[in-house]
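Peer 1: Quick one: the structure is below, questions incoming.
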Amino acid sequence: MQIIEHNPDRLVLFFRRSFLLGLLLGASCTFIGLFFCLFGFILLQRAEGGVWVLPAGMGSLAVITGLFWVFLFPTRTTLIFDKSQNCVVREQSRFPGQAPKQTLKLPLDCIVGVVLGSSSGETTTYYPRLILDLVYWQISLNSDGSYQTAAQISKTIAQFLNVNYFPDESKAPLTSFDQRWLKAAKPSQSWQYLEDEVERLQRHLSENPEDGAAHQELGTLLHSKTKFGTLPRSRRQEVLFHLEAAQKLFEVQQKPEQAAIASKLQMLVNAMA
């Protein structure tokens, strides 16, 4: 990721994953896949029973993986922080000349901090994360994986927005869900705790459908499940349903501050879709 514009009103970042690398990886996977498919076809012609199924299946999977690398791996990402519009916008396209698709838009005042995130594998990769208000959800940004680049970009964003910068992610604010399960369960039980809490709230709302706080709590917990892959993103409407129900109930109960929070949570969920 590189800075292509930086002035008091605008900060524009650009990141590009190599099209040639995607093409090379895709072609390699496709070639291997076609070889296995051909091998499976030969076994089928020789009437080798069901032996042909395994190489044919492996070959088909490799071909699909190859097509993924060719068509989905190359990405051109532009991230625009605009103070005059009071928003951050992320636009992405697959190939040069393709019209960019907006994948993120939210007000700048929703960002309360920037953390230098990392992930461990064969090598540790680093990337900036935006910390959002209210529930402290985090949005990961693209990076080349190097510590120096990620740290520079994180600091630049934090200084531009005048928000806190956390070079140590262990000192960044925990999400509202993390705060809850750390008080109630051991780390190894976090996902079971999430499942139990969702089931508890669903049972509670079946008997008390007018509980706005429970609707809001269930909506945020369901969003945690969509974010980390334990609930399909297609269920995002379920998240919004509970947050909208919470807002309406708070408005009826004349609780404007809580209604405003529920409304803002809906905006965050929509922005992160």
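Peer 1: Filter segment 103-148 for residues that are exposed (fewer than 15 other Cβ atoms within 10 Å of the Cβ), under 20 Å from ASP82 (Cα atoms) and out of contact with any Phe, Trp or Tyr (no Cβ under 8 Å at 6 or more places or on another chain) and give the result.
Peer 2: THR103, ASP109
Peer 1: Moving on. Going through segment 127-162 one residue at a time, which ones are assigned to a loop (DSSP other than H, G, I, E, B) and either out of contact with any strand residue (DSSP E or B) (no Cβ under 6 Å at 6 or more places or on another chain) or closer than 21 Å to VAL269 by Cβ (or both)?
Peer 2: Result: ASP133, LEU134, VAL135, TYR136, TRP137, LEU141, ASP144, SER146, ASN162.
Peer 1: Determine which member of the set GLN98, GLN102, GLN138, GLN159 is at pLDDT 90 or above and not acidic (Asp, Glu).
Peer 2: GLN159
Peer 1: Here is a further query. Please indicate, with yes or no, whether at least one residue in segment 263-273 is modelled with pLDDT of 90 or more, in a helix (DSSP H, G or I), touching a His at 6+ places or on another chain (Cβ under 8 Å) and not aromatic (Phe, Trp, Tyr).
Peer 2: There is no residue in segment 263-273 that is modelled with pLDDT of 90 or more, in a helix (DSSP H, G or I), touching a His at 6+ places or on another chain (Cβ under 8 Å) and not aromatic (Phe, Trp, Tyr).
Peer 1: Of everything in segment 202-220, what is acidic (Asp, Glu) and outside any loop (DSSP other than H, G, I, E, B)? Give them in sequence order.
Peer 2: Across segment 202-220, the qualifying residues are GLU207, GLU217.
Peer 1: Which of (1) at pLDDT 90 or above; (2) outside any loop (DSSP other than H, G, I, E, B); (3) within 17 Å of LEU13 (Cβ to Cβ) is the odd one out, the single condition GLY117 does not satisfy?
Peer 2: Unmet condition: (1).
Peer 1: Give me a count of the residues in segment 179-206 that are of a type in the set (D, E, K, R) and either farther than 25 Å from GLU244 by Cα or at pLDDT 95 or above (or both).
Peer 2: Total satisfying the criteria: 3.
Peer 1: Given the structure, is SER190 outside the structural domain of PRO8 (by TED's automatic domain parsing) and either outside any helix (DSSP H, G or I) or not aromatic (Phe, Trp, Tyr) (or both)?
Peer 2: yes
The values are calculated or read from the model by the stated rules, or taken from the named source; none is laboratory data. The structure presented is a predicted model; accordingly, all values stated were derived computationally and were not measured. A quick note on method: Cβ atoms are made from the backbone with ideal geometry, for glycine too, and the neighbour counts reach across all protein chains shown.
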